[in-house]
1. Using heavy-atom solvent-accessible surface (probe 1.4 Å) with all chains present, what is the largest-first order of ASP239, ASP149, ASP181?
2. For segment 333-365, state which GluC sites (Glu not before Pro) are in a DSSP loop and have at most 14 other beta carbons lying within 10 Å of their beta carbon.
3. Of PHE146, PHE103, which has the most accessible area with a 1.4 Å probe, and how do the rest follow in descending order?
4. Quick check: from the Cα gyration tensor, does the chain come out rounded (a/c under 1.5), prolate or oblate?
5. Within the accessible area of the chain, what % is carbon and sulfur when the probe is 1.4 Å and the other protein chains stay in place?
6. Sort 20-33, 296-309 for me by packing, meaning the mean count of neighbouring Cβ atoms within 10 Å per residue, highest on top.
7. Leaving out ligands and nucleic acids, note down the accessible area per residue over the chain with a 1.4 angstrom probe, in whole Å².
8. Going by average Cβ density within 10 Å per residue, which order do the peptides 6-18, 414-426 take, highest to lowest?
Amino acid sequence: MDEELRAAAREHLIRYGQGDIDRLYVSAKGATVRDDEGREILDFTSGQMCATLGHSHPAIVKAIQSGAEDAIHMFSGMIPEPVAKLAKKLAEWLPKPLSRAMFVNTGSESNEAALRMAKLVTGGYEVIALGGSWHGVTGQAAAASFASDRRGYGPKVPGVTVIPEPYAYRCPIGHCRDACDMSCMKVGLKMFDMACEGAPAAIIAEPILSAGGVIVPPKGYFKTLHEQAKKRGMMLIFDEAQTAFGRIGHKFAATQLGVTPDIMTVSKTLGGGLPLAATITSDDIEQQAHDKGYSYYTSHVSDPLPALAGLAVLETVEKENLIARASEIGGYLRDHLESLQQKYEAIGEIRGQGLLLGIELVKDRESREPHLELGQITTRRCMELGLSMNIKLRPERGAVWRIAPPLTVTRAEIDQGVEILDRALREGLDEVSKNGVA
Ligand SMILES: Cc1ncc(COP(=O)(O)O)c(C=O)c1O
């Protein structure tokens, strides 16, 4: 441990919302992160939901090593061989007619590029996004994000309408309880139609609203939304930052839902921990965009090194059968969490799919009042006990843990994580009752 270095981090870094810097981290391997005191911490968030193969998977390390030898970066107008290989491989994975991709760096960027394409092709600019959505922090992506962090940054890109999200546990229109009948969509679209200025472009949505609380829309939701988009001449954009490439036990949410969007974006789970994202569409839409002069020329578009990592991710997911594994280990984890739910009234709901799960903490199951204090205390306690968990704490949206370990996590690691969670909940509830907050 280097106290001076810790102090330097506190003194010289801009705080971007990451919390106090009380320690530094030195390595990450598989599902384990090590801090500067040599403590091992189980990583149940796969880093920032990106390390689906586990941290520093040998295939990624090899791809980076060979990529660094061959070419790290090139002129953006040159298409490196690894980019062509990744595009070909990705096309084999994609549901038809999606077949073309452009490789960028982050999820925000992939959505920026998608919205830019939808606007150019349709000639419109109006966008519909869901409440609780998160598409990133750049201009258009931030304008279409409603989970948090909207205040204080000045006017957003105009033309975005938010519609209520299908959050059956906390229905935003106070209509349903536990079973969403999609009235939220009807109301939202009605509002949009009233406000529409005659230039509709796109509906953008996460198939599972992750930052919004791991909300799984009801069966048929996206089929209807796609029909509604078509009716208005809008493109449907699926933001599959978290759902693509196996995490939910399917290649994509699109393949599971049987709904192929006009544009798909993928990011976090593509790069194996490296910044790699893609905006994907069909031949037809790509041609229309090209004819209208579509450009998205950035410094790192089509970079060769991250493309090799992406290729390694797709090959490893296939080779290690990780899609089936996500379902199987996800089921194992879910069973354990359901046992905890029987033990603790505070676990109001467990939701999600595969290895993208959410746990909603409440003061009691009838009122469903979010248990923000318990969320805070237990997340801190989990970390002290060696488990990193991501919690979203918002009075209006609840206290929801997002659990997304690497798809390579072992049963023993799941057991260990659940044991810590159990202890943290028990001790957290004790602390809350001592504080008299419950
Ligand atoms: C669904 C979704 N889309 C987009 C983004 C933004 O991605 P990035 O942080 O890589 O810009 C995120 C990040 O959390 C996300 O969860």
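The values are calculated or read from the model by the stated rules, or taken from the named source; none is laboratory data. Here the structure is a predicted model, which is why all the values come from computation and not from measurement. Heads up, the Cβs are rebuilt from the backbone with ideal geometry, glycines too, and the neighbour counts pull from every protein chain shown. Accessible surface areas use protein heavy atoms only, side chains included; no ligands, DNA or RNA. Shrake-Rupley method; radii C 1.70, N 1.55, O 1.52, S 1.80 Å.
1. From most exposed to least exposed: ASP149, ASP181, ASP239.
2. Sites meeting the loop and neighbour criteria: GLU345.
3. Details: PHE146 45, PHE103 10 Å².
Descending order: PHE146, PHE103.
4. Verdict is oblate for the chain.
5. Carbon and sulfur together cover 52 percent of it.
6. 296-309, 20-33
7. That works out to 44 Å² for each residue.
8. 414-426, 6-18
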